[in-house]
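As structure tokens, the structure follows; a few thoughts come after it.
The values are calculated or read from the model by the stated rules, or taken from the named source; none is laboratory data. This structure is a prediction, so every number in the text was calculated from the model and none was measured. Virtual Cβ from ideal backbone geometry, glycine too; neighbours counted across all protein chains shown. Only protein heavy atoms, including side chains, enter the accessible area calculation; ligands, DNA and RNA are left aside. Shrake-Rupley method; radii C 1.70, N 1.55, O 1.52, S 1.80 Å.
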Amino acid sequence: MKKLFFAVVAVLALAAPAFAQFSVGARLEANYSTTLAPNLTAGVLGRLEVPITPTFGVGILVRPFVQYGVDLVNDGPLSVSAYARVRLPITLDITPASGFGFSISPQAGVDLAYDLGGGASLSSGLRLVTDLPIAPSGGSFSWLMDGYLEFGYALDMLSLYAGISLDQIVPSPFAQTIYLGASYDILSNLTFNPEFGFSNFDFNTAYLTLRFALKL
């Protein structure tokens with residue numbers, strides 16, 4: 001099975017007090033994936049990142065990946081899956097400063113979902129992320145463990161969700177992001193997804209994203 005997604009995202013980063021300062025940016029994403037064999041998927045993510053304020057810039061990300069996933073439990077309302085994947089992120093900064101980066105990032109994780117009934121669901125996951133920089137030279141191997149806990153409620157064409165993203169569980173310092181959002185099906189293949197959140201209980205880190213995703 002082959003899947004192709006396009007997304008246009010407007011990113012607004014707000015700053016307290018009273019959101020007196022803010023930055024605005026946009027990005028265009030394309031995500032392609034295909035099934036190579038049972039449980040084995042390969043694909044690539046392409047992203048054009050354009051910060052607009054306070055400083056204009058242009059950056060490009062190309063991230064091929066290969067992933068193997070398996071269902072551990074799929075019994076009634078409970079489902080548990082595990083995966084291992086390798087990502088090869090390639091970054092190119094064009095302006096305001098030029099730069100090139102390439103790394104190898106093996107990852108492994110477990111996701112759990114529980115159907116609460118009536119359109120409500122609870123999901124969580126843990127992931128181990130490693131990164132080995134290849135270019136520019138001088139980078140060092142790094143790793144972290146992150147995760148999430150999310151509550152969702154699905155209606156006919158509208159889905160609501162709220163959760164906490166555990167951006168860095170170990171090593172210290174611990175970091176998390178609280179977020180809430182909605183996903184609305186404008187058309188059968190076009191989705192609008194606004195999301196608001198902030199990190200470490202600090203409204204200086206507040207953000208608002210407005211995402212339009214097209215599935216082909």
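Look at Thr177 and say whether it is assigned to a strand (DSSP E or B), under 17 Å from Phe196 (Cα atoms) and hydroxyl-bearing (Ser, Thr, Tyr).
yes
Taking the options Leu166, Leu112, name whichever one is open to solvent by less than 50 Å² (accessible area, probe 1.4 Å), hydrophobic (A, V, I, L, M, F, W, C) and either at pLDDT below 95 or in a strand (DSSP E or B) (or both).
Leu166
Residue check, Ser105 against (1) over 16 Å from the mean Cα position of the chain (by Cα); (2) assigned to a strand (DSSP E or B), all met but one. Which one?
Here Ser105 clears every test but (1).
Report whether or not Thr55 is touching a residue at least 24 places away in the same chain (Cβ under 8 Å), of a type outside the set (Gly, Ala, Ser) and not in a strand (DSSP E or B).
Taking the combined requirement at face value, the residue satisfies it.
Can you tell me how many residues within region 180-200 are β-branched (Val, Ile, Thr) and either surrounded by 14 or more Cβ atoms within 10 Å (Cβ to Cβ) or not in a strand (DSSP E or B) (or both)?
Qualifying residue count, region 180-200: 1.
For Gln67, all conditions in the list (1) within 25 Å of Ser124 (Cα to Cα); (2) open to solvent by less than 40 Å² (accessible area, probe 1.4 Å); (3) not hydroxyl-bearing (Ser, Thr, Tyr) hold save one; what is the number of the exception?
Condition (2) is where Gln67 drops out.
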